[in-house]
1. Taking only C-alpha pairs under 8 Å that are 6+ residues apart, what is the relative contact order of the chain in percent?
2. What does the net charge come to around Gly110 if you take all other residues with beta carbon closer than 15 Å to its beta carbon, with K and R at +1 and D and E at -1?
3. What is the P(r) of the chain, as percent of Cα-Cα pairs per 10 Å bin from 0?
4. Using the crude model of +1 on Lys and Arg Cβ and -1 on Asp and Glu Cβ, and no other charge, please compute the dipole size for the stretch 12-108 relative to its Cα centre, in debye to 20.
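Throughout, read-outs are computed from the coordinates displayed, never taken from laboratory work. Quantities reported herein were computed from a predicted structural model and do not represent experimental measurements. Positions of Cβ are generated from backbone atoms using ideal geometry, with glycine treated the same way; all protein chains shown enter the neighbour counts.
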Amino acid sequence: MITTSPSIGIIGGKGKMGQWFARFFKDLGLEVLISDLDTALTPIDLVREAEVTVVSVPMEAFNKVVGEIGPHIPKGHFLTDLCSLKERQVQYMWEHTNGCEFCGTHPLFGPFEDSIEG
């Protein structure tokens with residue numbers, strides 16, 4: 001049983017969807033860590049510190065990012081992405097992570113929505 005709230009790391013957390021999810025998780029009272037092109041926190045440092053990582057990067061950067069962080073993700077960590085395509089991304093997560101849990105997701109809304117409620 002989880003007795004504490006997990007920390008959420010968002011790679012690409014300064015992009016539109018990354019910002020949306022950062023706000024969403026912060027509003028739930030969760031600790032949110034951000035890694036982006038201009039942050040001091042690197043993607044590798046982020047996966048070492050967070051318990052859940054959301055990859056919110058352009059599709060053309062996905063393989064590079066997951067390939068970089070994959071060997072550093074601890075067992076028991078949860079990894080997810082926000083890419084619009086799934087088959088190749090999920091296969092890549094399967095091949096480039098070391099026993100972490102992962103799930104490919106695609107939000108059915110854009111970053112300009114106020115909430116996930118319909």
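1. Rounded, it is 23 percent for the chain.
2. Net local charge, Gly110 excluded: -1.
3. Result, from short to long distances: 14, 49, 33, 4 percent.
4. Numbers: 9 positive and 13 negative charges, 36 e Å.
I would put it at about 180 debye.
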